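See below for the structure under consideration.
The values are calculated or read from the model by the stated rules, or taken from the named source; none is laboratory data. Just so we're clear, the structure is a prediction, and the values are computed from it rather than from any experiment. Here the Cβ positions follow ideal geometry from the backbone for every residue, glycine too, while neighbour counts run over all protein chains shown. Accessible surface areas use protein heavy atoms only, side chains included; no ligands, DNA or RNA. Shrake-Rupley method; radii C 1.70, N 1.55, O 1.52, S 1.80 Å.
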Amino acid sequence: MLLTISTTHFPADDLSFLLHKHPAKIQSVDISSGKAHIFYPELSAQKCTAALLLDIDPVGLVRSAGPKGNDFALEQYVNDRPYVASSFMSAAIAKAYSSALNGRCKDKPELVDTAMPFTAKLAVLPVKGGEVILKALFEPLGYAINAVQHPLDTTYPDWGNSRYFTVELSHQVTLQQLLSHLYVLIPVCDNDKHYWVNQEEIEKLLAKGKGWLETHPARELIVRRYMKGQRSLANQTLDVLLSKDQVDADTAEMESPGINDAEEPQLRIHDLRLLAAKDELLSAGAKRVVDLGCGEGRLIKLLLAEKQFEFVLGMDVSYRSLEIAKERLKMDRMTERQLQRVQLIQGSLTYRDKRLQGFDGAALVEVIEHLDEHRLTALEISVFEYAKPEVLVVTTPNAEYNVRFADHEAGKMRHNDHRFEWTRPEFEAWANRVAIQFGYAVSFKPIGEVDPEVGALSQMAIFKQEESGL
Ligand code: SAH
């Protein structure tokens with residue numbers, strides 16, 4: 001398993017001072033799971049790359065772990081640990097690059113606080129929850145992400161993708177920041193539940209997360225995953241984190257309407273939907289977009305952060321929600337110019353509305369299930385036939401997933417106001433019929449980790465007008 005860190009900061013070979021690792025020789029350190037080797041595949045004043053190669057001893061690992069009450073005994077021997085970036089990589093970073101991680105540089109102390117253009121490349125990073133999680137973790141910190149997802153088996157493309165990515169993260173930061181982000185977020189991506197965490201991890205996480213974790217929008221997900229889902233450790237950590245950063249409006253913002261996923265409560269499953277919808281609209285090249293049933297304006301906030309979207313319209317039937325949206329978007333404090341880019345209107349999706357015409361992108365995120373099934377026909381006509389956006393992203397809960405909720409009761413829906421919740425075949429049947437009827441092509445994507453039996457938490461359909469220019 002390989003982690004390379006490159007910089008083009010001039011003179012780039014300063015990296016060797018920062019890492020406290022001599023550029024002319026290969027160095028090795030022992031870690032509990034094997035050995036880590038440090039060397040420089042590239043070294044000049046223009047560009048320098050340091051490599052950390054992790055050589056895990058799988059048999060040693062099993063021995064040191066002692067006997068396990070594992071259901072699948074072979075798993076101790078047959079697993080991905082030697083080949084992927086995991087908590088072992090974090091341990092290797094802490095050991096091999098400890099001075100840099102702790103912000104010390106003996107010979108050139110002024111470099112410690114110098115932000116440099118870095119690219120970190122992880123040869124194989126397992127990401128539970130896929131690219132959306134990767135983005136939710138690294139983008140708020142300012143990283144540009146280049147991720148390639150690997151298929152499960154190239155011989156059987158039908159099996160789909162694995163959870164393994166080759167990832168490049170680029171950003172102008174200090175080396176200490178880069179290393180602490182990697183130290184915390186690699187195991188969070190991996191989310192392996194098979195090792196033990198204890199009270200000491202709270203200190204470690206707070207130390208490495210200092211200065212960025214408090215304000216990270218996915219801090220709750222990060223802490224819960226880092227603590228391996230151990231509620232009491234996670235809650236203690238969050239108490240400390242949040243006591244500094246008084247729970248503000250943003251926390252309420254994270255609450256997802258009606259979702260009570262026991263494992264990752266407000267993970268912001270809802271944020272995943274919003275990010276997925278935003279990404280689809282971005283990649284479709286949409287410029288004028290309308291958020292149908294925009295609620296409290298969460299998606300609009302994300303859309304406005306993207307320059308590509310020249311105009312964003314939010315519409316909802318609820319006046320109260322629109323008022324909250326207006327506050328959330330701080331519309332009172334917007335300049336004339338900013339106000340030309342966004343508008344909120346009240347209306348109902350079951351009536352034809354001229355104001356919804358002429359958009360190239362539209363979103364219907366967790367809205368259809370709030371309408372009585374027989375009112376859906378009216379929505380279909382006003383949205384697909386009358387408003388006719390070139391691209392439309394629709395998300396709705398996947399009812400099959402409900403059995404995975406800790407407090408699931410047969411037949412119970414996720415939210416009091418849901419009129420129906422569809423299984424994947426039900427949603428696909430509806431979407432395929434609508435697509436044919438109104439001249440759209442449709443494709444589907446799961447949102448969240450895909451459970452092999454019941455699928456993902458939420459499901460998304462992407463409609464594109466057959467003759468769309470997008
Ligand atoms: N899309 C938002 C809100 C989802 S909640 C989000 O993802 O955060 C569902 C929203 O649909 C509510 O705000 C509700 O007021 C709105 N809604 C329900 N029926 C509607 C209708 N007929 N026309 C417009 N909006 C409707």
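Here is how the numbers come out for the structure above:
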read-out	value
Failed criterion for Leu274 (all others in (1) open to solvent by 20 Å² or more (accessible area, probe 1.4 Å); (2) at pLDDT 80 or above; (3) within 11 Å of the ligand (Cβ to nearest atom); (4) not polar (S, T, N, Q) hold)	(1)
Every residue from region 299-308 that is surrounded by fewer than 24 Cβ atoms within 10 Å (Cβ to Cβ) and either in a helix (DSSP H, G or I) or over 21 Å from the mean Cα position of the chain (by Cα) (or both)	Lys301, Leu302, Leu304
Single match in Asp158, Asp153, Asp239 (criterion: in contact with a Phe, Trp or Tyr (Cβ under 8 Å, 6 or more places away or on another chain) and either among the aliphatic types (A, V, I, L, M) or free of Cβ contacts under 8 Å to residues at least 24 places away in the same chain (or both))	Asp153
Qualifying residues in region 366-412 (those that are within 21 Å of Gly439 (Cα to Cα) and β-branched (Val, Ile, Thr)) - the one farthest from the ligand (Cβ to nearest atom)	Val391
One residue from Gly295, Gly361, Gly314 being within 27 Å of Glu373 (Cβ to Cβ), away from the ligand (no atom under 12 Å from the Cβ) and crowded, with 18+ Cβ neighbours inside 10 Å	Gly361
Residue match in region 330-339 (condition: in contact (Cβ under 8 Å) with a residue 24 or more places away in the chain and either at positive phi or within 13 Å of the ligand (Cβ to nearest atom) (or both))	no
Residue within region 126-146 that is open to solvent by 30 Å² or more (accessible area, probe 1.4 Å), touching a His at 6+ places or on another chain (Cβ under 6 Å) and farther than 25 Å from Glu214 by Cα present	no
Strands (runs of 3 or more DSSP E) lying entirely in region 388-468 (those with 2 or more residues that are among the small types (Gly, Ala, Ser))	440-447, 458-465
Residues of region 281-298 that turn out to be aliphatic (A, V, I, L, M) and assigned to a helix (DSSP H, G or I), as a count	2
Residues (in a loop (DSSP other than H, G, I, E, B) and of a type in the set (Lys, Arg)) located in region 185-243	Lys193, Lys210, Lys228
Unique residue being out of contact with any strand residue (DSSP E or B) (no Cβ under 6 Å at 6 or more places or on another chain) and either under 22 Å from Ala36 (Cβ atoms) or not in a helix (DSSP H, G or I) (or both) when the list is Ser162, Ser99, Ser170	Ser99
Residue satisfying condition, being within 25 Å of Pro41 (Cβ to Cβ) and open to solvent by 10 Å² or more (accessible area, probe 1.4 Å), within set Thr155, Thr174	Thr174
Count of region 221-233 residues which are open to solvent by 30 Å² or more (accessible area, probe 1.4 Å) and among the charged types (D, E, K, R)	2
